[in-house]
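Notes follow once the structure below has been shown.
Read-outs: derived from the displayed coordinates by stated rules, not from any lab. Computed from a prediction, not measured in an experiment: that's the story for all the values here. When we count neighbours, we look across all protein chains shown, and the Cβ atoms used for this are built from the backbone with ideal geometry, even at glycine.
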Amino acid sequence: MRAAVIALACVLGCHRETPLDAGAPVDAAAPDDLAQPPPCDEPNPCGDCEPGCKVFGLGPARGKPFPLEADQGPRAYNEGAVRNLAGDLQIPPNACYSYEIAFIANADDWGRGTVSKFNYRSQRELARYFTVTCGSLPSGSTQPCDGQSGCCAIDDQPRFLARGLKQPEPPRQPVQLAGTSPSRTSIDFNGMAWVANRAPGSQASVTKFASHPFACVDRNADKKLDTSSDVDGDGLIATDCNGDGQPDDIASVKAKPCKNGKAQEFFGLDDECVILTVNVGDPKGEPRGLALGPGPVDFGPSDPWLAQPGNGKLLRIDGATGRLKSEEKLADGCHPHEVVVDRSDVLWAATDGGGPLCFFDIRKSAGGQARAPKGGSVKPGSIALDRDQNVWIAGMAGIDGPTAWRYTPDRSKGSRSATGGGRRSRRPERTRAQRVPHGASRWIRAAQRPGSPGWSPRMAGSSGSRARISRSR
Ligand SMILES: [Ca+2]
Ligand SMILES: [Ca+2]
Ligand SMILES: [Ca+2]
């Protein structure tokens with residue numbers, strides 16, 4: 001799948017310059033352009049009106065073979081794609097690509113919050129990062145943010161609102177470093193990961209990570225990537241290798257080397273694979289749900305959506321630049337605690353602790369409430385999709401016992417009719433989940449068992465217990 005994406009991207013040949021492109025600063029456009037993006041009648045080849053979109057041509061038709069990522073060196077990945085003698089890219093017969101990486105938030109690690117990059121097949125921790133970065137801007141550093149340089153966020157709510165009013169953007173906000181309390185995570189098909197920092201009672205943020213070396217940024221220009229890895233191969237990341245009681249970074253390990261004599265495994269705020277941090281929502285807004293929806297073009301980065309339970313708002317972030325893109329409001333009565341985006345670009349939102357199942361069609365910018373099940377309402381704790389694009393909701397712990405509901409949207413008119421709350425929608429079906437041994441369960445996810453072609457919803461209890469729910473059809 002990934003190989004096909006690489007080929008498409010090269011054939012169509014357009015992109016927006018971002019920090020992911022070597023040497024392309026995020027503020028490549030003039031400051032005035034950023035303050036007031038020019039209106040446009042026709043979207044650019046990237047599919048929007050944002051500045052910085054470039055068009056280029058590649059491939060045998062242009063006299064050169066398509067590039068492979070491995071052309072950049074032995075550390076790059078091709079992920080199944082090969083180049084034939086004509087210079088075209090192709091996927092070999094019987095090739096199969098699987099991505100076995102999860103990003104798992106550690107809410108209280110070091111009192112700040114970290115995220116672990118984890119191989120769920122080998123069950124080994126591959127890397128660990130703080131869930132914010134001071135390197136969003138080319139002028140970024142760990143010095144305090146002065147509005148333009150230092151540890152500033154790439155974007156924030158006041159700047160977004162100012163752009164909407166076509167007013168000058170105010171100075172940039174600082175990144176909150178402590179008490180970030182990361183919660184939800186999501187990975188797009190390019191391997192870019194996003195983590196939402198709840199930061200209870202203070203400024204929430206979202207941070208983007210590169211899970212492939214080619215997408216990281218050599219910020220200190222030492223011609224190598226300074227980034228977390230499991231150097232000693234024990235399947236865990238040591239965050240204080242020199243035993244000074246502080247999380248490691250480059251300077252502290254240089255001053256006092258690791259006790260085991262090996263290279264450090266954790267780089268703190270110096271990690272060059274933590275790409276950008278954007279402040280989201282108002283202070284104390286505590287956005288919860290995070291899901292990835294379509295970007296401007298099918299082969300480009302996905303756009304993250306953040307859900308705010310308090311006001312029922314959804315915030316859309318540009319997956320390439322990290323700028324806040326739009327703000328939408330769910331139907332009245334919807335207070336999204338967890339969200340997912342289905343294959344038809346419909347966002348589904350579970351209201352915390354009792355309330356409707358809500359939906360929002362990203363393409364149509366319209367939403368509503370799904371019909372409540374006969375004999376009562378759902379009491380959602382979390383939400384997931386299965387392989388058949390059914391919506392699954394886990395019951396809130398302690399309210400209704402270990403219960404799951406399945407909602408099957410009406411997709412009879414194709415993908416665009418799948419808004420689920422219309423008259424033709426089937427009512428949500430209530431499905432009994434297996435009892436979880438150690439009490440109620442509130443977390444639900446769809447998971448694929450190794451060697452199995454199907455995806456089954458599974459519920460997890462806070463004690464670590466779990467239950468598999470019977471097949472969705
Ligand atoms: Ca470097
Ligand atoms: Ca290790
Ligand atoms: Ca240390």
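So if each residue of separation counts as 0.36 nm, and I subtract the Cα-Cα distance between Leu236 and Trp110, what length gain in nm does that give?
Between Leu236 and Trp110, full extension yields 43.8 nm more.
Explain nothing, just the number: relative contact order of segment 259-390, from Cα pairs under 8 Å at least 6 residues apart, as a whole percent.
16 percent.
Based on the Cβ-Cβ distance of Asp88 and Arg343, what FRET efficiency does E = 1/(1 + (r/R0)^6) give at R0 = 35 Å, to the nearest 0.05?
Approximately 0.80, to the nearest 0.05.
Give me a comma-separated list of calculated 3J(HN,Hα) values for segment 250-266, in order, Karplus coefficients 6.51, -1.76, 1.60 applied at θ = phi - 60°, integers in Hz, x for any Gly or Pro.
Each residue of segment 250-266 in turn: 5, 5, 5, 7, 5, 6, 9, x, 4, 5, 8, x, 9, 6, 5, 10, 10 Hz.
Determine which residues of segment 99-126 fall in the zone a paramagnetic label at Asn260 would reach in this model, i.e. backbone nitrogen under 13 Å from the point 7 Å along Cα→Cβ.
It comes to 125-126, nothing else.
How would you order 277-284, 208-215, 143-150 from highest to lowest mean count of nearby Cβ atoms within 10 Å?
In decreasing order of mean packing, 277-284, 208-215, 143-150 become 277-284, 208-215, 143-150.
If I model a spin label as a point 7 Å beyond the Cα along the Cα-Cβ vector, how far apart are those points for Ala251 and Ala372 in nm?
For Ala251 paired with Ala372, the spin-label model returns 5.8 nm.
Check which residues have an amide H placed less than 5 Å from Arg124's amide H, if you skip close sequence neighbours.
So Arg124 has HN proximity to Asn119.
With a point put 7 Å past each Cα toward its Cβ, work out how far Lys166 is from Ile101 in nm, to one decimal.
Inter-label distance under the simple model: 4.2 nm.
To make sure I understand, if each residue's beta carbon is the centre and we count other beta carbons within 10 Å, what order do Tyr99, Tyr407 fall in, fewest to most?
Least to most surrounded, the residues fall as Tyr99, Tyr407.
Distance check, please: which entries in Lys208/Lys256; Lys325/Lys379; Lys223/Lys256; Lys313/Lys379; Lys117/Lys224; Lys223/Lys254 exceed 27 angstrom between their Cα atoms?
Violating the 27 Å Cα-Cα cut-off are Lys208/Lys256; Lys325/Lys379.
If you count, for each residue, the other Cβ atoms within 10 Å and average over each peptide, how do 360-373, 124-137, 310-323 line up from highest to lowest?
Ranked by mean Cβ neighbours within 10 Å, highest first: 124-137, 310-323, 360-373.
Ranked highest first by average number of other Cβ atoms within 10 Å, how do 82-89, 220-227 line up?
Highest mean packing first, the order is 82-89, 220-227.
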